1. Can you tell me what the convex hull of the Cα atoms of segment A:112-176 projects to on average, as an area in nm²?
2. Quantify how much of the Cα-Cα distance distribution of segment B:273-429 extends past 22 Å, in percent.
3. Across bins of 10 angstrom width beginning at 0, how are the C-alpha pair distances of segment A:367-585 distributed, in whole percent?
4. Show me the ranking of peptides B:150-163, A:475-488 by mean Cβ neighbours inside 10 Å, starting with the highest.
5. Rounded, prolate or oblate: which one fits segment A:83-226, using the alpha carbon gyration tensor with axes a ≥ b ≥ c (rounded when a/c is under 1.5, else prolate when a/b beats b/c, else oblate)?
6. Over all alpha-carbon pairs of segment B:8-255, lay out the pair-distance distribution in 10 Å bins, whole %, shortest bin first.
7. Of the cross-linked pairs A:K171/B:K139; A:K103/B:K139; A:K171/B:K383; B:K356/B:K383; B:K53/B:K195; A:K171/B:K229, which ones have a Cα-Cα span greater than 28 Å in the structure shown?
8. Let me check against my output: what whole-number percent is the relative contact order of segment B:273-429, with C-alpha pairs under 8 Å and at least 6 apart?
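No value in this document is a laboratory result; all are computed from the given coordinates. Quick caveat, the model's predicted, so the values are computed rather than measured. Using ideal geometry, Cβ is built from the backbone for each residue, glycine included, and neighbour counts are taken over all protein chains shown.
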Amino acid sequence: MVFLSRSDGKHRHFDRSLAPRLAGPSWADLAAIALVVVIALLVIVGVGQMRQPLTALNAAPVDLQLLHLPEYALLSTLRMFGALAASLIFTLTVATLAAKSRKAELIIVPALDILQSVPVLGFLTFTVMFFMNLFPGRQLGVECAAIFAIFTSQAWNMAFSFYQSLRTVPKDLDEVSRQFGFSSWRRFVRLELPFAMPGLVWNAMMSMSGGWFFVVASEAIAVGNTTIALPGIGSWLALAIERKDFGAVAWAVFAMAVVIVLYDQLIFRPIVAWADKFRFEQTASRERPRSWVYDLARRTRLLPSIIELLLVAGRSLSALSWSAPPGRQTLRANKHIIRVPDGLWIGFIAVVCSGASLWLLRFISTSLTAADIISIVGLGFATLVRVAVLIAIASIIWVPIGVWIGLRPAWSERLQPVAQFLAAFPANVLFPFAVVIIIGLRLDPNIWLSPLMILGTQWYILFNVIAGASALPNDLREAARTFNMRGLQWWRQVALPGIFPYFVTGALTASGGSWNASIVAESVSWGDKRLQATGLGSFIADATAAGDLPRVAVGIVVMSAFVVTLNRTLWRPLYRYAERRLRFD
Amino acid sequence: MVVIESRNLVEVQKVRQVYGKSGGPDLLVLDDVDLTLKENEIVGLLGRSGSGKSTLLRSIAGLVTPTQGVIEFPKIEDGQRATVSMVFQTFALFPWLTVLQNVEVGLEAKNVPPTDRRKRALAAIDLIGLDGFESAYPKELSGGMRQRVGLARALVVDPDILLMDEPFSALDVLTAETLRTDLLDLWSEGRMPIKSILIVTHNIEEAVLMCDRILLFSSNPGRVIGEIKVEIPQPRNRQDPTFRALVEQIYVRMTQKNDDSQPRDGLFPGSGIGMALPVVSTNALAGLIEAINAEPNNGRADLPELASGLLYETDDLFPIAEVLQLLRFAELVGGDIKLLPAGKRYALADVDERKKIFAQQLLSYVPLAAHIRRVLDDRPSHKSQARRFHDELEDFMSESYASRTLKAVTQWARYAEVFAYHETTDLFSLDDPT
């Protein structure tokens, strides 16, 4: 010990700021306790529900009593968070593995890349069957299938973002942690996890937004001649559609809106406000995100103590040195030794992949001919035309509006949360209204069902454009005004290049989402009336309803191929171009 | 005079560091470097960027393993070996931890019990003058305060050797001076637990101000070209004639051409079209020519004086001066820079005339520029992919050096209107935008 501690009161001002306040429990404590207790009770009730055997579900099927709606909303929400927890676990393990091990990286990264753009709704058939066999006769199996469906819509982008964060840890901080000999665990909690946090939180938010769509789509599912309706908003909606009950649909919309606002206010806003401190920046110029729940939690005495309790456990974990500190690394010497097994490993993966493809091909070829497959690809083009036209129309509408809003801080502050809310709102809840209109006016479903595909995803374009326009540097706008740039010139040289990177992000998300949505949007019903648009989405939906697995498989493969090709040939080059040419730094 | 036997803390012997990608040419960063760090001394590693001095420091810190050679920590008191701790140029603070937590981080890694940890961290914070900032986050602090945190964090783990990698170069002049003085005070009063300091710097005055011994590094590859003992008593005064004389002497040593044993055709690594060039803007080149030409210099200026007059760090001035030398606009003589006839003509010319002179010098003395121009002249289309020249350069140097070199030449050629470059198509051409 070299530094002698001084207990002469020099640090008193400091101690005061760190020590817990000595006042009694405040109103904030009471409010926080109430909040925590309510949430805990809700979780207990909900989980109890889910563990019932399937026969209980059959005895008390989903009904349209308004009294049950809050319970259904609760169960849907729990499924969402169940899936989010699974996604987090997946992210923390798989993405970490990919970042740490070259061999794992070779498989995981391309796989994540593909999975990000695969239409997960198509998998529902397979997963439901798998999980029902896993827990025969129990509701838990179906629950797992539903949660898994949501999981597949959430996990990939979170894992990808986390992997990328781990690979871009700042060099100087990496050196500090190596120099002090951090154990792997300490490095993870002190450096890697905090550094990845903002990206992870943002992606989790995006995932949750997308997830509501799948909750609604996956709760009431018919596979072949089995129909299972889990109690939840999705099943309520399915039943309302079947019975042509307009009031019930409206209630579902209302319940959904309430749930989304609550989860945003109670869960995500506090997390975003908290995660702000992990932003890797050296200046504190930006306005910090705020949350009343977070402020409440910080004002309490109780919550910090609970967190402290959790941290103690974490600390004792971190005190163990889990692996020897990564000391002096011999980089050059190892390189050649690793090279050889790498080749073998890639070969092994290639063999496994081609084996799987062959198996899939044989599975498909039992009931499908080449002509069938060509016609399926043709259906893919039909859906492609829909997606392209819709993205174009949505861009023409939302880009000017988004720019207008983004340039007016007073408006963008108020409207940005609305746009994000709309993006999170599951558009499939609104489908029945559209169907009634199409039937009422006798419109051509091939054209008029298409807008449903983009109903929920267009908002990604809007809120990204708003963000882009508000990030337009002020001096650039002033320069444009000084030179009296307006009209076409202003759009061409100031606004469009300025928002382009943001627009590409939004359009990419919207297009991916639209492909996915086509599976539910191209084939909709109202009571006994069924509307169909010709396309790959309705093909997959029909094959699922008929339980025709080979067709479902081909449909998914073709759709994945379309999405991946589109990403590679259109969106990625655009993105790179935007990164290279149109950035403000 | 009594000679006190001081023990060696680190012995670096024949260290060589080679970076290279497989299949490509290797880049020799450190060549055959010896260094001994004794107790009770501040040693400076002084050299240009690219002289491998940071790499040497990182080898001693254990962050990099040298390709060849030995770094040994001899046993000192009770069989213990010296321990090290490092201060970074970029501060390297964890933005999500408070000042106190940042300082505690190293102790935490050593599993020091919390109460003990807190006590030691507070003592370090107190010592380094950070009282009152304990619960602040790094982003709330100024650069100087952040580097104090970096210093406290390095000291709190009780190291024998403090390694400092350009610790003050990211700070403004006044802040840097305050921090240097504070550090020297703590050192001379023996209030820090450390036995010696090894500091990397490119700032000659800083080295003379702080160090007992300075090792001069040449660049490309990094070698120790000299050792200078600074025997001026502390606290040192920058205006003191002996101080000035020593600074001047080091300038002269650093501007000397590389040792004659290895002939090269210039100042930059490589030769012919394979010469690795630094990116220096034509504005900076023109500015320096004008400054040398202007009163009171009249065509010949003392480099250290010129640097301080222009508010430049000398390290930033070196590449500009060397490009001028390459283009035969000026030459370095001793610590002075002198305009050559082309430089004088340039200084007096108008914009168009300047471009013509620049084009002439560029084509005559930068082989890569002449090479690209020749290729463009030979082709009927007068166009060529820039990628092609990049690949050609990579036969001689690493990818990042190749990019930098090509960028430099492109920039100069665009200014001189020797050839044009279009970024989206990645094409060199002889087109003039009309």
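1. That works out to 5.9 nm².
2. 43
3. 8, 29, 30, 20, 10, 3, 0
4. Put in order of decreasing packing, that is B:150-163, A:475-488.
5. Prolate.
6. That works out to 7, 30, 35, 22, 6, 0, in percent per bin.
7. Result: A:K103/B:K139; A:K171/B:K383; A:K171/B:K229 exceed 28 Å.
8. Relative contact order for segment B:273-429 comes out at 28 percent.
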